[in-house]
Amino acid sequence: MSSSNITWHEGQVSRVERAQLLNRKPGLTIWFTGLSASGKSTIASALEQHLLHRGVSAYRLDGDNIRFGLNKNLGFSPEDRTENIRRIAEVSKLFADATNIAITSFISPYRSDRASARQLHQEAGIPFVEVFADVPVEVAEQRDPKGLYQKARAGEIKEFTGVSAPYEVPETPEVHVHTDRSTIAQAVEQIVAYLEANNLL
Ligand SMILES: Nc1ncnc2c1ncn2[C@@H]1O[C@H](COP(=O)(O)OP(=O)(O)O)[C@@H](O)[C@H]1O
Ligand SMILES: [Mg+2]
């Protein structure tokens, strides 16, 4: 159901002007995608720390954490996954609009959902940097830091990405990190190099 009788109320300060007034760069969203245990949360957290130490206002929105609160009423059906991503796209856009670097780490398995998140940002003129945390499913399964693959194989978790639910690989991510070949620090370096090369820091 969508609301009627509502009108967008424009503020007095544009996105770029807000950044100038705060003596910062305008914000953006760094969108991690990848299998469970691919390293999204680990790299996102290291990246956030790195950026904060550089004086950049970075803020992480993490899959599991958001499901404790904002999205606690959502499960893992295709519809709920889509709604999960839709809300995160909206929230990350708000953070980015407020001159932060929003860093999201959600499996976000569907290409169409990621495309919607990207479009939402593009329409607002906010850069969207998709980072593919790529790892063979066998490696993710060996890591299994939360024991989820084991549960999924035992049939205790239904619709588990990579086991019993699909993961649609990004075709043209801005950054592609291979977490079975590079260290956490190297992945952070690779992302920061992209941001610097594109004048986003
Ligand atoms: N190069 C690497 N990059 C990221 N994580 C790695 C790497 N090598 C090993 N790991 C481990 O893999 C696991 C990834 O888990 P996590 O970051 O929670 O994944 P996700 O958020 O994608 O589900 C962690 O236990 C992490 O320590
Ligand atoms: Mg995670």
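The values are calculated or read from the model by the stated rules, or taken from the named source; none is laboratory data. All figures in this text were calculated on a predicted structure; none of them were measured in a lab. Here the Cβ positions follow ideal geometry from the backbone for every residue, glycine too, while neighbour counts run over all protein chains shown.
Within the range 137-156, can you find the residues that are in contact (Cβ under 8 Å) with a residue 60 or more places away in the chain and of a type in the set (Gly, Ala, Ser)?
If the condition is that a residue be in contact (Cβ under 8 Å) with a residue 60 or more places away in the chain and of a type in the set (Gly, Ala, Ser), then 140 is the only one that fits.
When you look at residue 109, is it within 15 Å of the chain's Cα centre (by Cα) and within 13 Å of ligand 1 (Cβ to nearest atom), yes or no?
Yes, satisfied.
Which one of these does residue 20 not meet: (1) farther than 16 Å from residue 161 by Cβ; (2) modelled with pLDDT under 95; (3) not acidic (Asp, Glu)?
Only one criterion in (1) farther than 16 Å from residue 161 by Cβ; (2) modelled with pLDDT under 95; (3) not acidic (Asp, Glu) is unmet by residue 20, namely (2).
State the number of residues belonging to the range 118-136 that are over 30 Å from residue 14 (Cα atoms) and either within 12 Å of ligand 1 (Cβ to nearest atom) or free of Cβ contacts under 8 Å to residues at least 12 places away in the same chain (or both).
Counting residues in the range 118-136 that are over 30 Å from residue 14 (Cα atoms) and either within 12 Å of ligand 1 (Cβ to nearest atom) or free of Cβ contacts under 8 Å to residues at least 12 places away in the same chain (or both) gives 4.
Might you check whether a residue that is assigned to a loop (DSSP other than H, G, I, E, B) and over 26 Å from residue 125 (Cβ atoms) occurs anywhere in the range 12-27?
no
Exactly one of these conditions fails for residue 76: (1) closer than 29 Å to residue 134 by Cβ; (2) of a type in the set (A, V, I, L, M, F, W, C); (3) modelled with pLDDT under 95; (4) assigned to a helix (DSSP H, G or I). Give me its number.
The one condition residue 76 does not meet is (4).
Looking at the structure I just gave you, is residue 57 within 16 Å of ligand 1 (Cβ to nearest atom) and hydroxyl-bearing (Ser, Thr, Tyr)?
No.
In the range 50-73, which residue that is at pLDDT below 95 and either assigned to a helix (DSSP H, G or I) or on the phi > 0 side of the Ramachandran plot (or both) is farthest from ligand 2 (Cβ to nearest atom)?
For the range 50-73, the residue satisfying everything is 68.
Tally up the residues in the range 8-49 that are within 16 Å of ligand 2 (Cβ to nearest atom) and of a type in the set (Phe, Trp, Tyr), please.
Summing the residues that are within 16 Å of ligand 2 (Cβ to nearest atom) and of a type in the set (Phe, Trp, Tyr) in the range 8-49 gives 2.
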